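Comments concern the structure below.
The values are calculated or read from the model by the stated rules, or taken from the named source; none is laboratory data. Only a predicted model underlies this, so the values are computations on that prediction, with no experimental measurement involved. In this analysis, Cβ positions are derived from the backbone assuming ideal geometry, glycine residues included, and neighbour counts consider all displayed protein chains. Heads up: the accessible areas ignore ligands, DNA and RNA and are worked out on the full protein's heavy atoms, side chains in. Shrake-Rupley method; radii C 1.70, N 1.55, O 1.52, S 1.80 Å.
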Amino acid sequence: MIRHDWTRQEIETLFALPLGDLVFQAQGVHRQFFDATEIQASTLMSIKTGACPEDCAYCSQSSRYATGLVREKLVDVDSVLEQAKAARASGSSRFCMGAAWRSPHDRDMPVLLEMVRQVKALGLETCMTLGMLKEGQAEAFAQAGLDYYNHNLDTSAEYYNEIVRTRTYEDRLDTLAQVRKAGIKVCSGGILGMGEERSDRAGLLLQLATLPVHPESVPINKLVPIPGTPLEDAPELDEFELVRTIAVARILMPASWIRLSAGRERMPDSLQALCFMAGANSLFLGCKLLTTPNAAMDHDQQLLGRLGLHLAIPKPVAATQRPYYDAMQPDRAHV
Ligand code: SAM
Ligand code: DTB
Ligand code: SF4
């Protein structure tokens, strides 16, 4: 059963369970809604990098912090297509395009819509993350065929002001509502390890799990500390808190894809394995996230093989374009 009336008390009780009991419960839920050996993969591309006017305290791309990032203008459609084809060959089923904007400018809309149309024509699902959307923009993306829009709540409503001042929690919820209203699937989650308490992790999940429709995709990022940002020295998150948060997300939003997102590059295999056992069933594939390195693809291939997991099958692509994808199916290659 999918519920939208979770209470803070219920969520905090789940968080406080012995880890084995919590993971056991999450596994049971996971298996009711998904093939527990299947992992969905998306690949990210930064289509406009740096010089962002927002002040998100974790971000390499905010113009307010001296992070040394080189800024780049909006890329052209051909560069996007080149990377989308490589992503498809590597086994990703979705291509996510991210821009360091407060909100997209109307003058950029035609090229953004063309990116959606052309990436979709490759047989990939499309996702964009461009900041807040103004009236009419979500509808335009929906008409172009955009499958997902990513816009994270980042943390609890209570802790949010410690992290972002230039846009409100309400602004974020408004954008999510606009995306939903336009008929685009919602991708929304947050970041752990920003100095928040367990109650904030519970608060974030409470917000997501009581939305009228759960986000179809819930990214759980572990902070990638960026030198020069206010969070560069944030205290390291207890790794079992990451596992607990994933397990609780799985129980609260049983039909959603829970994405083990940023932070995998520095995560031991054993911790990633625990996260998958707790109900994470999607990840970012590819050597780069937006501005920071991701786990290496060869390593991911080996890890999935060692765990007996396989990638969710993307839409059919020509055999010549899928060598890496086939290699990513170690357990299936011989059946
Ligand atoms: N500018 C757009 C926005 O903020 O909506 C889109 C791009 S933004 C980089 C996408 C998301 O990446 C953020 O909402 C945040 O949750 C996540 N993120 C950014 N920097 C991160 C970091 N250093 N560590 C972990 N997650 C991060
Ligand atoms: C999400 O929740 N995580 C991705 C995606 N959505 C856009 C971004 C992670 C960014 C990590 C830091 C960087 O590479 O700049
Ligand atoms: Fe800008 Fe997005 Fe980074 Fe915030 S998270 S500073 S809005 S690019």
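Tabulated data
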| item | result |
| --- | --- |
| In nm, spacing of pseudo-spin labels at residue 109 and residue 265 (7 Å Cα→C-beta vector) | 3.5 |
| Dipole of segment 79-164, positive end: most advanced residue of 156, 83, 132 [Cβ charges, Cα centre] | 83 |
| Accessible area (Å², per residue) of the chain, counting only protein heavy atoms and a probe of 1.4 Å | 42 |
| Distance-filtered residues of segment 251-271 - backbone nitrogen under 20 Å, label point 7 angstrom along residue 210 Cα→Cβ | 251-256 |
| Reduced Cα scattering model of segment 1-142, Debye log10 I(q)/I(0), q = 0.10, 0.22 Å⁻¹ | -0.54, -1.20 |
| Table column - 3J(HN,Hα) (Hz), segment 18-35, Karplus curve with 6.51, -1.76, 1.60, x for Gly and Pro | x, 3, x, 5, 5, 5, 4, 5, 5, 4, x, 5, 3, 6, 6, 10, 9, 6 |
| Long-range amide H partners of residue 126 with built H, under 5 Å | 95, 147, 148 |
| Relative contact order (percent, whole number), the chain, Cα cutoff 8 Å, 6+ residue spacing | 25 |
| Among 143-149, 166-172, 287-293, the order from most to least packed when residues are scored by Cβ within 10 Å on average | 143-149, 287-293, 166-172 |
| Relative contact order (%) - segment 77-229, alpha-carbon pairs under 8 angstrom, separation at least six | 20 |
| Convex hull per residue volume in Å³, alpha carbons only, for the chain | 126 |
| Per-selection Kirkwood Rh - segment 103-187 (Cα, Å, 1 d.p.) | 13.4 |
| Rounded FRET efficiency, nearest 0.05, which uses the C-beta distance separating residue 9 from residue 66 and R0 of 41 Å | 0.40 |
